[in-house]
Amino acid sequence: MSGDKGWRLRGFLAASKNIKLFCLGEYFDLGVCVHCRKLLDKFPQDQIFLSDANQVCFLDGYVYNKDEFLCSEGYGKWSYSFAYSLKKDRAAHLGKLRGAFGGYYYDKETGQVTVFTDQMSNKSVYYYCDQDRWIVSDRLEFIVRAMRENGIAYHFNETAAKYMLTCGYMLDDSTFVKEIHRLLPGYFAVLEGGTAALHRYYEIPCGEEDMSEPEAVERIDEAFRQAVYREFSKDREYGYRHLVDLSGGMDSRMVTWAAHELGFTDQVNIAYSRLGYLDQRISAQVAGALKHEYLHKPLDDLTWVYDVDEMTCKNNGAAICLGMTGGNRLLRLLDKESFGIEHTGMVGDAIVSTFYQDKALNDRSPVFGLHQYSDRLKYTFDENLLARYPTQEIFALVTRGLLGAQSSYMIRQNYVETGSPFLDVDFLAAVMAVPFEYRKQHRIYLKWIETKYPKAADFVWEKWGVRPKENEIFKRKVKTTGKLMGGYMRRALRRPDPNSMNPVDYWYECDKDVRNYIETMFEERIGSSILQEDLRSDMRLLFTEGSFSEKEQALTVLSAIHLFFEE
């Protein structure tokens, strides 16, 4: 476990009073429950840790609109007003909150425990509930350690392994431990009598509205600037500098550019990629044009490849272990005390544009299999989980976007808090109302940049290899065709691509030490008694015949078994 490895995990854990927590060190005995907190404490005036004769209330993260909740019943104080509003109407209260938050509320009168996360699950929350025992935490490892200490039996979840071996992330509330569940985005759970009743209080909207293209641009820009202003103002409220991701793509560029125009100029832009690749060159140019401080971590040293167990532990086994590449190592090197939120462009391209260019596919009922790291293994999954989502696009946004890509936030939150203006609730409402015909093929994205931030389009878009301007679309098509043809040729000849942001297959083939480390770890762990023979055979096939990312999928499963079942 991480306690033995020296990984410093940040987070909280709360449990029923009959759970012992000596394994986690110092904790609070609150009478009705116990509580352990190892928080970042970036925004202490936003956090809540309240215990009185009526209730225990805890919230971690940050909230933009605290003033809207202050009331006489809460004595005009944030913590008491929050607790009062939550108890009065949980769904309405959580739906009104804006920010990144997670926590729980224990009602001493009823004995109910309400567990909540924000609309986007920026702050991940996990729970265990059985008979008279319950545990809530943002760290899967904390819960596993508490279960071990208290002699609570738990079991390997083969469905989670199959999600990982195909999609590379979870498709529902599964974890690698059958008895532990993740609270999905926009949900709260009520734990009572050994059961968890789930309640959805927020859904990503998907209804188009009639509007002109100029009206769409105005709506998008107004909502985006509001989202950026909220995020960066939270830094300023606490006296932090602004830590902002920057790559060769457009999403992070739009965040840093809009924030700069809004007066948040004290930015430190960070990037990581192969040395000399477009991502480095473009991001350095943008940062230089805005006169921001700029830090780039090359990935060529490959040190991050050796972090399989650390990354699996820090992202709760929620997604492929090395998906964040060198980001963890870069954050280790920073002066974390100077920064509050790491501002990202998470999921921006898929939101302002669309996942699919065909409206019939975009709006159809969801199906499995469209966004997988690997198609090599054929599994069937429970069709009932698809019923949660009205369209294929919303299914992709939640699973691939929030449960997959955004899992890197769990890693980052050991150093800083996290945010993306593209995942602001009110921004989502504005964008998802824009007609599909405007959103597809980046049409409204390009128009938005051209109309509101024309200078931001003076730099190449790494994804296309040309500037993000309508008059360069033909060049883009030529370059894209060249890239595709080159990719087909390399795959046909079984040659890895050395020319990408993160050419892991090339590095794996060329670096004997990395190859030996990966192959040795696999061989040492594939014999685990936790695995059924058919799953073991599938994993050996994926590892032996698959690409580096497919090898990572198998290693993530083995790492989770090692961390949560064998140590």
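Sorted by mean Cβ packing within 10 Å, highest first, what order do the peptides 228-234, 409-415 take? List each step's numbers first, then the result.
Values: 228-234: 21.7, 409-415: 23.4.
The packing order, highest mean first, is 409-415, 228-234.
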statement: Expressed in square angstrom to the nearest 10, the accessible area of residue 302 with a 1.4 Å probe stands at 10 Å²
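Tell me, what is the percent relative contact order of the chain, built from C-alpha pairs under 8 Å that lie six or more residues apart? Present the calculation step by step, with values, prior to reporting the outcome.
Working: 995 pairs, mean separation 88.9, N = 567.
Dividing the mean separation by the residue count of the chain yields 16 percent.
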task: Using packing as a proxy for protection, rank 502-511, 21-30, 525-534 so that the peptide with the highest average count of other Cβ atoms within 10 Å comes first.
output: 502-511, 21-30, 525-534
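Summing -39500 (n - 2.57) over the DSSP H runs of n ≥ 4 in the chain and dividing by its residue number, what mean residue ellipticity at 222 nm do you reach, to the nearest 500 deg cm²/dmol? Write down the numbers at each step before the final one.
Working: 22 runs with 213 residues, N = 567.
-11000 deg cm²/dmol, from helical runs alone.
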field: Over 31 Å (Cα to Cα) - which of 17/42; 77/291; 123/297; 42/512; 66/291 fall in this group
entry: 77/291; 42/512; 66/291
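Out of all DSSP beta bridges in segment 144-286, what portion is antiparallel? Express it as a percent rounded to 5.
Numbers: 7 of 11 bridges.
DSSP beta bridges in segment 144-286 are roughly 65 percent antiparallel.
With viscosity set to 1.002 mPa s at 20 °C, what whole-number translational diffusion coefficient in µm²/s follows for segment 47-94 from Stokes-Einstein and a Kirkwood radius over Cα pairs? Present the calculation step by step, with values, prior to reporting the outcome.
Values: Rh = 10.9 Å.
Estimated diffusion coefficient is 197 µm²/s.
Considering Cα pairs under 8 angstrom that are at least six residues apart, work out the relative contact order of segment 158-247 and quote it in whole percent.
Details: 47 pairs, mean separation 10.5, N = 90.
Relative contact order, segment 158-247: 12 percent.
Determine the order of 118, 375, 245, 67 by accessible area, beginning with the largest, at a probe radius of 1.4 Å.
Working: 118 5, 375 90, 245 25, 67 125 Å².
Final ranking, largest accessible area leading: 67, 375, 245, 118.
Which shape class applies to the chain: rounded if a/c is under 1.5, otherwise prolate when a/b exceeds b/c and oblate if not, where a ≥ b ≥ c are the square roots of the Cα gyration tensor eigenvalues?
Values: a/c = 1.57, a/b = 1.15, b/c = 1.36.
In terms of gyration-tensor shape, oblate.
Throw me the Rg/Rh for segment 23-154, computed over C-alpha atoms with Kirkwood Rh, two decimals.
On the way: Rg = 14.8 Å, Rh = 15.5 Å.
Using Cα coordinates only, the ratio equals 0.96.
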field: Selection of trypsin sites (Lys or Arg not before Pro), segment 10-99, meeting DSSP coil and at most 15 other Cβ within 10 Å
entry: 17, 20, 77
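How large is the accessible surface per residue of the chain, computed with a 1.4 Å probe and reported in Å² as a whole number?
On the way: 22340 Å² over 567 residues.
It amounts to 39 Å² per residue over the chain.
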- request: Could you work out how far the C-alpha centroid of segment 249-304 sits from that of segment 76-136, in angstrom?
  value: 36 Å
message: Need one word for segment 350-443: rounded, prolate or oblate. Basis is the Cα gyration tensor (sqrt eigenvalues a ≥ b ≥ c); a/c below 1.5 gives rounded, then a/b vs b/c decides.
response: oblate
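What percentage of the solvent-accessible surface of the chain, computed with a 1.4 Å probe over protein heavy atoms, is contributed by carbon and sulfur atoms?
Carbon and sulfur together cover 48 percent of it.
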- request: Determine the shape class of segment 263-362: with a ≥ b ≥ c the square roots of the Cα gyration tensor eigenvalues, call it rounded for a/c under 1.5, and otherwise prolate if a/b is greater than b/c, oblate otherwise.
  value: oblate
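The values are calculated or read from the model by the stated rules, or taken from the named source; none is laboratory data. None of these values were measured; they are calculated from a predicted model. Note that we place each Cβ from the backbone using ideal geometry, even for glycine, and neighbour counts take in every protein chain shown. All accessible areas refer to the heavy atoms of the entire protein, side chains included, with ligands and DNA or RNA removed. Shrake-Rupley method; radii C 1.70, N 1.55, O 1.52, S 1.80 Å.
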